[in-house]
1. Let me confirm something: among T133, T126, T101, T88, which residue is closer than 25 Å to S25 by Cβ and touching an Asp or Glu at 6+ places or on another chain (Cβ under 7 Å)?
2. Regarding T155, is this residue modelled with pLDDT under 95, surrounded by fewer than 20 Cβ atoms within 10 Å (Cβ to Cβ) and within 14 Å of T63 (Cα to Cα)?
3. Here are some residues: A104, A168. Which one is within 12 Å of the chain's Cα centre (by Cα) and among the small types (G, A, S)?
4. Assuming A17 fulfils every condition listed in (1) at pLDDT below 80; (2) part of a strand (DSSP E or B); (3) under 15 Å from M137 (Cα atoms) apart from one, which condition is it?
5. Hey, among S96, S136, S115, S122, which residue is small (G, A, S) and surrounded by fewer than 17 Cβ atoms within 10 Å (Cβ to Cβ)?
6. Are there any pairs, at least 6 apart or on different chains, whose C-beta atoms fall under 8 Å, with the first in segment 74-85 and under 18 Å from I169 (Cβ atoms) and the second of a type outside the set (F, W, Y) and part of a helix (DSSP H, G or I), and if so, which?
7. For residues in segment 45-66 being free of Cβ contacts under 8 Å to residues at least 12 places away in the same chain and either not hydrophobic (A, V, I, L, M, F, W, C) or not in a loop (DSSP other than H, G, I, E, B) (or both), which is surrounded by the most Cβ atoms within 10 Å (Cβ to Cβ)?
8. With the structure loaded, tell me whether R149 is closer than 25 Å to A47 by Cα and crowded, with 17+ Cβ neighbours inside 10 Å or whether it fails that test.
Amino acid sequence: MQRILFFLALVLVCLQACQTDDGLSNFDVVYAVRFEATWSDSTHPNAYPSNAHFSPLVALSHTPNFYVFFSGYPASSGLRILAETGQTDSIMDEFSYSINTGQALDARVGPDVESPGQGELSIGVTASRHAVTVLSMIAPSPDWFVAGRAVLFDTQDGRWYDKVTIDAISLDGGS
C-alpha cells in the first residue's frame with residue numbers, strides 16, 4: 001500500500017501511500033514523502049539568496065506521543081548539527097537510538113533539495129508507529145531548519161490516510 005504526506009511553508013511536504021520493493025516490505029504501510037520547496041525569488045523578491053537550498057531530508061516514523069523537537073526548547077545535538085551544517089550522521093544516530101528504545105520505527109535520509117525544487121523519499125509505518133517527522137536545514141542560514149510532522153492513521157476508525165499535505169515550519173536551531 002502506498003501513501004503520501006506534504007509539508008509547506010517555505011516548503012511543501014506530501015506523504016502518499018505507495019508500493020515499493022526497496023527494503024520497505026516489513027511495514028504495514030509505506031509512505032512516499034515529497035518535499036516541495038517553494039522558496040524563490042518570486043515568493044521573496046527582496047530576501048532570496050542566490051545559493052538557497054535545503055540539506056538532505058531526514059525522516060523518522062515514530063509513535064504519536066514521541067517528538068523529535070519541541071518549539072521553544074533547546075534542540076538536540078544532532079538536530080543542531082543538521083540545522084548548522086546539513087550533516088545527517090548525528091541526527092540519524094539519535095534516530096537509531098529512538099528505534100532501539102521502541103519509540104520509533106524507521107529512519108531515512110533523502111536527497112538535497114534545491115529551492116525552488118523538490119525531493120522524495122519513502123518511509124515505513126505501522127499501526128503503533130504511525131507519525132512521521134521530516135527535517136531539513138535551510139541554507140544559507142546560521143542554524144535554521146524546516147520541519148513537518150504528521151499522524152497518518154486514524155485510530156478511531158482504524159484507517160490509513162491515503163494522502164496528507166501539511167505546511168512545514170521554519171525554526172531556529174538555537175545555537
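The values are calculated or read from the model by the stated rules, or taken from the named source; none is laboratory data. The model shown is predicted, which means the values in this text are computed figures rather than measured ones. For neighbour counting, all protein chains shown are included, and Cβ atoms are generated from backbone atoms with ideal geometry for every residue, glycine included.
1. Numbers: T133 fails: touching an Asp or Glu at 6+ places or on another chain (Cβ under 7 Å); T101 fails: touching an Asp or Glu at 6+ places or on another chain (Cβ under 7 Å); T88 fails: touching an Asp or Glu at 6+ places or on another chain (Cβ under 7 Å).
Step by step, each of T133, T126, T101, T88 is checked, and only T126 is closer than 25 Å to S25 by Cβ and touching an Asp or Glu at 6+ places or on another chain (Cβ under 7 Å).
2. Numbers: modelled with pLDDT under 95: yes; surrounded by fewer than 20 Cβ atoms within 10 Å (Cβ to Cβ): yes; within 14 Å of T63 (Cα to Cα): yes.
Yes.
3. Numbers: A104 fails: within 12 Å of the chain's Cα centre (by Cα).
Result of the check over A104, A168: A168.
4. (3)
5. Numbers: S136 fails: surrounded by fewer than 17 Cβ atoms within 10 Å (Cβ to Cβ); S115 fails: surrounded by fewer than 17 Cβ atoms within 10 Å (Cβ to Cβ); S122 fails: surrounded by fewer than 17 Cβ atoms within 10 Å (Cβ to Cβ).
Answer to the check: S96.
6. Cβ pairs passing all conditions: A75/A83; S76/I91; S76/E94; L79/I91; L79/E94; L82/S90; L82/I91.
7. So, considering only residues that are free of Cβ contacts under 8 Å to residues at least 12 places away in the same chain and either not hydrophobic (A, V, I, L, M, F, W, C) or not in a loop (DSSP other than H, G, I, E, B) (or both), the one surrounded by the most Cβ atoms within 10 Å (Cβ to Cβ) is Y48.
8. On the way: closer than 25 Å to A47 by Cα: no; crowded, with 17+ Cβ neighbours inside 10 Å: yes.
Here the answer is no, as R149 does not meet what is asked.
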